[in-house]
Number of protein chains: 2
Amino acid sequence: MRTAAARQARLTKPTGSLGRLEDLSIRLAGMTGRLDPPLERAVVFTLAADHGVAAEGVSAYPREVTPQMVLNFLRGGAAINVIAREVGARVVVADMGVDADLPAHPELRELKIRRGTGSITRGPAMTEAEATRAIDAGRQLVAGEDPDIVLTGDMGIGNTTASAALICALTGLDPRLVVGRGTGVDDEGLRRKQAAVARALEVNDAAIRRGPLATLAAVGGLEIAGLVGLILQAAETRRPVIIDGFISGAAALTAAAMDGGAPDYMIASHRSHELGHAMVLERLGLQPLLDLDLRLGEGTGAALALPLVRAAVRLLNEMATFDEAGVSDRA
Amino acid sequence: MRTAAARQARLTKPTGSLGRLEDLSIRLAGMTGRLDPPLERAVVFTLAADHGVAAEGVSAYPREVTPQMVLNFLRGGAAINVIAREVGARVVVADMGVDADLPAHPELRELKIRRGTGSITRGPAMTEAEATRAIDAGRQLVAGEDPDIVLTGDMGIGNTTASAALICALTGLDPRLVVGRGTGVDDEGLRRKQAAVARALEVNDAAIRRGPLATLAAVGGLEIAGLVGLILQAAETRRPVIIDGFISGAAALTAAAMDGGAPDYMIASHRSHELGHAMVLERLGLQPLLDLDLRLGEGTGAALALPLVRAAVRLLNEMATFDEAGVSDRA
């Protein structure tokens, strides 16, 4: 990081004029131990699962949309496919716990832990053993694909409710500050969602006191646990990981609670429109690169941020220094 | 725009969940008259010129940096070259009025109107005839390159001072609200810069009252006038134009004063760290895509925004609709 910072100061531009891209290039050097980490093999991991709480009127969309969207990902018709093609990233879709039988497909990783979680308003979403298996499956995904840079993504009707509950449980924040409209529920739906999160925190209070793994199992989700695994594995193997939006933020917060060094490897892609997301980023000490009012998930924010991350590294390595270019440095 | 908005509503995502990229795709349809405007041939026009006011201690860098940086652009070692390579854009460098003899180079457009402007603190920067020739040269650049999308860029020691004066003259804003640190002047330099702008507004008061062309000639710059031409030509030929930072913002404001329809074709790339830039964007009715504390110019912000613009168009055209994908729309 020292070497990167010293080089930034010699490049042909006023010091600091590339703003947050300068800090980013220095952080990437710290993450990877290299000034010029390769970022060619970028993989968006879009993890899908269902949520028991979806039956309680917390989403604007019916539950069958989860498997329908998985098929859409596999056909290349979803937003994440289009953006990944534009920015030069690959999409890997994993079924972590969709409540449907999905057809075999060469691009689908079949890692179903169980068919959806139990409703967090009535008890734990899953057992701690299941949460551990989901985390491990996420770790194996990274190990198997061996990407230069990891991008997180999610799909699961009901998962903003689980993510809000997880964020409240880990931070102590009031549900009214964290629960947003997700896919676009109306006022009545928002009240149901807030009530569901408050109830989930009450019902699972004992588990939440036991620490991050029990909390994840109690109020999280199978794709969220998989994302925790992705992030922990990225950090352990010194790979940068671009964190998508609200759901990925909940996973990032959980990963940080399990491994205090994990945030060093995180790059926040965007500030989601979803309520409470800004507070998550603040807790993680991360500043997002984009602020486009996105609230789609799938990894779309992470993929849109990838060109900025690649540009930051190229700028550090390919720009001429004042000496090389014969440009006068200061008056 | 109606057709684009209707299609956005049928794509497989919650309405509005792609945030500002949805509005952008609709605006681009309005600009070009197409849902799928080609954006392949993207050209960053980096226009360079010198400023008489640079002799008055308003910049952290000496005046010879302008020609030195032009050579750096031609060798591919500047930030704009690196970013353009990453995002797939071409850089066209034009000498609009550098106060030095530059060597012939196949990638340099030699359009020198004069060797630098006169100091705006003592009189007009240039004559109206010179300003008109610079605007016309900017128009010809676009016509000659025939790009799908225009990106604006600048280089010129002293040009944040001229841009601040131009912005104050066009908006009536107080110099203390508009003048920033540019390449990084200290407190003393900032006071000199504010005083220079205040003096320029006083000295050129009669010209400023005559309208945007006389104002541009009085307190602007040769590269700024060239940028005005780029923008006017882009708007007239229905090409989108990505506006870089503070200097390009001053040119955009001038173009808007000359042609009230021009802002319809403008895409604001980023909110510059430079003071007063946010006010310029507000006057133009534009919301920037990036907020990265950039303050370099050259077209770097515009080029960094290009992948977002391309992604917005691809999303509108390549995403599956709910019907096509067999995804349930709402509960």
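What follows draws every value from the coordinates through simple rules; no lab data is involved. Keep in mind it's a predicted model, so treat the numbers as computed, not measured. Cβ placement follows ideal geometry from the backbone for every residue including glycine, while neighbour counts extend to all protein chains displayed.
How far, in whole Å, is the nearest Cβ of chain B from the axis relating it by rotation to chain A, and which residue carries it?
That would be B:PRO307, 2.
Quick check on the range B:1-99: take the gyration tensor over C-alpha atoms, sort the square-rooted eigenvalues as a ≥ b ≥ c, and tell me if it's rounded (a/c under 1.5), prolate or oblate.
Taking the square roots of the gyration eigenvalues as a ≥ b ≥ c, the range B:1-99 is prolate.
Among A:GLU128, B:GLU110, B:GLU56, which comes first, then next, by fewest other beta-carbon atoms within 10 Å?
With the sparsest Cβ surroundings first, the list reads B:GLU110, A:GLU128, B:GLU56.
So how much slack lies between B:ARG85 and B:ARG176, counting 0.36 nm per residue of separation and subtracting their Cα-Cα distance, in nm?
29.0 nm
Could you pull out every one of the lysines with an alpha carbon less than 18 Å from that of B:LYS13, ignoring same-chain neighbours closer than 8 positions?
Partners found: none.
So what's the net charge close to B:ASP187: Lys and Arg +1, Asp and Glu -1, counting the other residues with Cβ under 11 Å from its Cβ?
Combined, the nearby Lys, Arg, Asp and Glu give +2.
Determine the distance separating the Cα centre of the range B:276-301 from the Cα centre of the range A:268-331; give it in Å without decimals.
Going from one Cα centre to the other spans 16 Å.
Just checking the output field for A:22-29: average partner chain Cβ neighbours within 10 Å of each residue's Cβ?
Mean shielding by partner chains, rounded to a whole number: 1.
In deg cm²/dmol and to the nearest 500, what is the mean residue ellipticity at 222 nm of chain A if only DSSP H runs of at least 4 residues count, each as -39500 (n - 2.57), divided by the residue total? Don't jump to the answer; show the numbers that get you there.
On the way: 15 runs with 165 residues, N = 331.
Value at 222 nm, helices only: -15000 deg cm²/dmol.
Tell me, Kirkwood radius of the range A:109-156 from alpha-carbon pair distances, in Å?
12.5 Å
When each copy gets a label point 7 Å from Cα toward the beta-carbon at B:GLU128, what are the spacings between them in nm, shortest first?
Ordered by increasing distance: 8.2 nm.
Given the C-alpha centroids of the range B:126-168 and the range B:192-206, what is the distance between them in whole angstrom?
Cα centres, the range B:126-168 to the range B:192-206: 21 Å.
State the volume of the convex hull built on the alpha-carbon positions of the range B:219-298, expressed per residue in Å³ and rounded to an integer.
Output value, Cα hull per residue: 84 Å³.
Using the 7 Å Cα-to-Cβ label point, sort the distances from B:GLY326 to its equivalents in the other copies shortest first and give them in nm to one decimal.
Relative to the other copies, B:GLY326 has label-point distances of 6.7 nm.
Cut-off is 10 Å between beta-carbons; in what order do B:LEU166, A:LEU213 appear when sorted fewest neighbours first?
In increasing order of surrounding Cβ atoms, one gets A:LEU213, B:LEU166.
Express as a percent, rounded to the nearest 5, the fraction of DSSP beta bridges in the protein assembly as shown (both residues included) that run antiparallel.
5 percent
Describe numerically, in nm with one decimal, the distance between label points set 7 Å from Cα along Cα→Cβ at B:ARG115 and at B:ASP148.
Taking the two extended label points, one gets 4.3 nm.
Looking at the square roots a ≥ b ≥ c of the eigenvalues of the Cα gyration tensor of the range B:255-321, which shape do they give, rounded for a/c under 1.5, prolate if a/b is larger than b/c, or oblate?
Here the range B:255-321 falls in the oblate category.
In nm, give the distance between the simple-model label positions of B:LEU35 and B:ARG122, each being 7 Å from the Cα along the Cα-to-Cβ direction.
6.0 nm
If you take every residue apart from B:ARG271 with its C-beta less than 10 Å away from the C-beta of B:ARG271, what net charge results, scoring Lys and Arg +1 and Asp and Glu -1?
Around B:ARG271, the surrounding residues sum to -4.
How much length, in nm to one decimal, is gained on full extension between A:ARG191 and A:GLU107, taken as 0.36 nm per residue of separation minus their Cα-Cα distance?
Roughly 26.4 nm would be gained on extension.
Mind checking the log10 I(q)/I(0) for the range B:42-307 at q = 0.13 Å⁻¹? Debye, one equal scatterer per Cα, no solvent, two decimals.
These q points yield log10 I(q)/I(0) values of -0.70.
I need the calculated FRET efficiency for the pair A:ASP205 and A:ALA5, taking r as the beta carbon distance and R₀ as 51 Å, to the nearest 0.05.
0.65
How big is the Kirkwood radius of the range A:206-250, worked out from every pair of different alpha carbons and given in Å to one decimal?
Hydrodynamic radius (Kirkwood, Cα only) of the range A:206-250 equals 11.3 Å.
What distance in nm separates the simple spin-label points at A:ASP264 and A:ALA129, each placed 7 Å from Cα in the Cβ direction?
3.5 nm
Run through the other copies and list how far each one's label point is from that of B:GLU145, in nm with one decimal, shortest first; the point sits 7 Å from Cα along Cα-Cβ.
For B:GLU145, the inter-copy label distances come out at 3.6 nm.
What number does the protein assembly as shown give for Rg over Rh if you use C-alpha atoms and the Kirkwood radius?
Radius of gyration relative to Kirkwood radius: 1.02.
Report relative contact order for the range B:30-102 in percent, whole number only (criteria: Cα-Cα under 8 Å, sequence separation at least 6).
Averaging sequence separation for qualifying contacts and normalising by length gives 48 percent for the range B:30-102.
How high is the relative contact order of chain A, given as a whole-number percent (alpha carbon pairs under 8 Å, six or more residues apart)?
After rounding, I find 24 percent.
Given chain B, what percent of its DSSP beta bridges are antiparallel, to the nearest 5?
Values: 1 of 24 bridges.
Given both bridge residues lie in chain B, the antiparallel proportion sits at roughly 5 percent.
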